[in-house]
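Peer 1: This is the structure I want to talk about, given as structure tokens.
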Amino acid sequence: MRAIDGITFAFGIWNPAESEPALSTVREITYHLLRDLGMTVIFGNPGSTELPFLRDMPADFRYVLGLHERSAAGMALGYALATGRAAFANLHSIASSGNGLSTLVDAWHGHVPLVVTTGQQDRRQLLAEPFLVSRAVETVRPYVKWASEPLRAEDVPATIARAYYLAMQPPRGPVFLSIPMDDWTHQCAPLAARRVSQSVSPDPAALDEIVRALNSSRNPVIVTGSQIEEDQGWNETVALAEHLSADVYQQPIPPRWAFPRRHPLFRGSLLPGQQPLADQLAAYDVVVVLGAPVFLYYAHVPGHPIKPGTKLFQVTNSPLDAAAALAGTSLVGNLAHAARYLREHAEARKATARPKRSEPAQPAPEYPMTPGYLFSVLNQVIPPNAIVCEECPSSKGDLDRHLFLDEPGSFYSVPNGVLGFALPAAVGLQLGNPKRRVVCPVGDGSIQYSIQALWSAVQYQAPVVFIVLVNSDYSALKSFCDFTQVGRNVHGMDLPGIDIVKIAQGYGMTATHVERPEELQPALQEAFASPEPRLISVTVAKGGQTCMGMDQSVNPPKYS
């Protein structure tokens, strides 16, 4: 012992074994960390730069192979949606930012937590620009919450941990990491997972402003968005709507359903055009948008976002959506908390008599079948707890009109218009929801963008029912040409000569084609009775109801 300036120091022999943590390889520490974080399913498409990580995978991990990066990352996206936790995808080098980028765009717009790792060339030769050197970090940066390549091999586990915590923070989303292939064999210290809060409460003072507006309102309305499901606010939103006896619309082109579709207060979808949407909400004096942008538009139809004089409020978990709103007052925070607060503080409203929401007229069994008839028959045989993952843009309006599911987590759709979403997402949703049946209605054009996911469904025994609407063209584009008065003299609109059944059979899937309306219901019933994935190809008439939900009488723009 020695005292210096009143401070006592102890001197002795330094023993590194006593003061330093036991070292292990980056690879071993990473697998321990992934296990602690609950990411023991790895979705991937391997390449040479990923092999050092993937070798000798622990027995409690599961590898789900996609034949293309779009399919691999897309299955991870579906799995994250199903479980509510970040999913782990391991993609290949520079290909990840090309083949897998569309899934990152989906996850960015859909607030889906993904941790995507990709291989980088050997760190020791990066300066020489070797074969497969990757600049993927710079490529993907606009569509991820964070993109990084660790400066040191020892930083890899901590970087993955940070990526996970960030992916799970609201609004959730994808993160992207590029990891040099030689990093996995370096030594580093152990790293334990830690707890990071994932909920931010909205400002009570701002919520009180909404309460005062609701209390003085003659006729309020609620617009529900997909963020309600992200924040597990389904029940709280239903309770709020009933407390206020308020009509409920869902956001335009909804990527998720956030309100029971048979509920007497439900009024359907808003239209994705300024003036048509404002007209739908014209009868209301207070509009409360929960968990959605204000508003999502498609074709440009000039008008006001909302009728002048109407009080508009937005509650969102996304600061970007709050900043981008064209009108109203926005506040940021958890949707379940906000809905619960509003219900507890706003005055209850006496239920008023409303016209009973009529069921849509049943389409006739014509030949060829209309998309509306297909979905009306599907609605009769689909299990009540089924999950629909759709990508049929030319018939999205028909699906919305005829398909009714009332349980949370029942509907998923492409959040941004990038095709290739539904097939791999459906497989991931099924793997993450083994007790619920996933149904994937998809167009014969859309299915081509990630058709390799059919193989994964077979190999991993994911019993998705794939329903392919075959009209042999890009009908959604033709409808958009009509709406915008562009005209149909546009090349690349037709898709002749594709046999979806043979393609599915080539991937090992049982598939059948339905031509006539009397064949449809038995084919669907047989598919739902099977414990295996099935594909049903259905010939449908051209010209279904698109996501626009509008015809040319709604002041379409003109192009010359």
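Peer 1: Identify all residues within the range 343-391 that are charged (D, E, K, R), over 24 Å from F411 (Cα atoms) and touching a helix residue (DSSP H, G or I) at 6+ places or on another chain (Cβ under 8 Å); write none if there are none.
Peer 2: R343, E347, R349, E366
Peer 1: Same structure again: Kindly provide the set of residues from the range 513-537 that are in contact with a helix residue (DSSP H, G or I) (Cβ under 6 Å, 6 or more places away or on another chain) and either surrounded by fewer than 16 Cβ atoms within 10 Å (Cβ to Cβ) or closer than 23 Å to P365 by Cα (or both), ordered by number.
Peer 2: H513, V514, L520, Q521, L524, Q525, L535, I536, S537, listed by residue number.
Peer 1: Restricting the first residue to the range 38-50 and requiring it to be in a strand (DSSP E or B), which pairs with a second residue that is modelled with pLDDT of 95 or more and of a type in the set (K, R) meet a Cβ separation below 9 Å and a spacing of at least six or different chains?
Peer 2: Here the result reads V41/R62; I42/R62, each pair linking the range 38-50 to a residue that is modelled with pLDDT of 95 or more and of a type in the set (K, R).
Peer 1: What helices (runs of 4 or more DSSP H) completely inside the range 92-185 contain at least 1 residues that are of a type in the set (A, V, I, L, M, F, W, C) and at pLDDT below 95?
Peer 2: Output list reads 95-99, 101-110, 136-140.
Peer 1: Condition first: surrounded by 21 or more Cβ atoms within 10 Å (Cβ to Cβ) and either modelled with pLDDT under 95 or among the aromatic types (F, W, Y) (or both). Now tell me which residues in the range 323-368 satisfy that.
Peer 2: Passing the criteria: only Y341.
Peer 1: Can you name the residue in the range 271-314 that is in contact with a His (Cβ under 9 Å, 6 or more places away or on another chain) and surrounded by fewer than 22 Cβ atoms within 10 Å (Cβ to Cβ) and is also nearest to A205 (Cα to Cα) among such residues?
Peer 2: If we take residues in the range 271-314 being in contact with a His (Cβ under 9 Å, 6 or more places away or on another chain) and surrounded by fewer than 22 Cβ atoms within 10 Å (Cβ to Cβ), then A278 is nearest to A205 (Cα to Cα).
Peer 1: Out of (1) touching a residue at least 60 places away in the same chain (Cβ under 8 Å); (2) closer than 22 Å to R27 by Cβ, the odd one out for H111 is which?
Peer 2: It fails just one condition, (2).
Peer 1: Right, something else. Going through the range 426-446 one residue at a time, which ones are of a type outside the set (A, V, I, L, M, F, W, C) and surrounded by 24 or more Cβ atoms within 10 Å (Cβ to Cβ)? So that I can check it myself, show each step before the final result.
Peer 2: Residues of the range 426-446 of a type outside the set (A, V, I, L, M, F, W, C): 428, 430, 432-437, 441, 443-446.
If the condition is that a residue be of a type outside the set (A, V, I, L, M, F, W, C) and surrounded by 24 or more Cβ atoms within 10 Å (Cβ to Cβ), then G428, Q430, P441, G443, G445, S446 are the ones that fit.
Peer 1: Would you mind listing the strands (runs of 3 or more DSSP E) fully within the range 206-313 where at least 3 residues are more than 22 Å from A336 (Cβ to Cβ)?
Peer 2: Counting at least 3 such residues, we get 266-269.
Peer 1: Looking at the range 322-336, which of its residues are touching a residue at least 60 places away in the same chain (Cβ under 8 Å) and over 16 Å from Q169 (Cα atoms)?
Peer 2: T329, L331
Peer 1: Taking only pairs six or more apart or across chains, which ones have beta-carbon atoms under 8 Å, a first residue in the range 76-90 that is in the same structural domain as T30 (by TED's automatic domain parsing), and a second residue that is in a helix (DSSP H, G or I) and of a type in the set (F, W, Y)?
Peer 2: A86/Y164; A87/Y79; N90/F53
Peer 1: Among the residues in the range 2-15, are any at pLDDT 90 or above and either part of a helix (DSSP H, G or I) or in contact with a strand residue (DSSP E or B) (Cβ under 8 Å, 6 or more places away or on another chain) (or both)?
Peer 2: Within the range 2-15 (the criterion being at pLDDT 90 or above and either part of a helix (DSSP H, G or I) or in contact with a strand residue (DSSP E or B) (Cβ under 8 Å, 6 or more places away or on another chain) (or both)), the answer is no, since none of the residues qualifies.
The values are calculated or read from the model by the stated rules, or taken from the named source; none is laboratory data. Everything numeric in this text was worked out from a predicted model, so none of it was measured. Quick reminder, even Gly has a Cβ in these numbers, built from the backbone with ideal geometry, and neighbours come from all protein chains shown.
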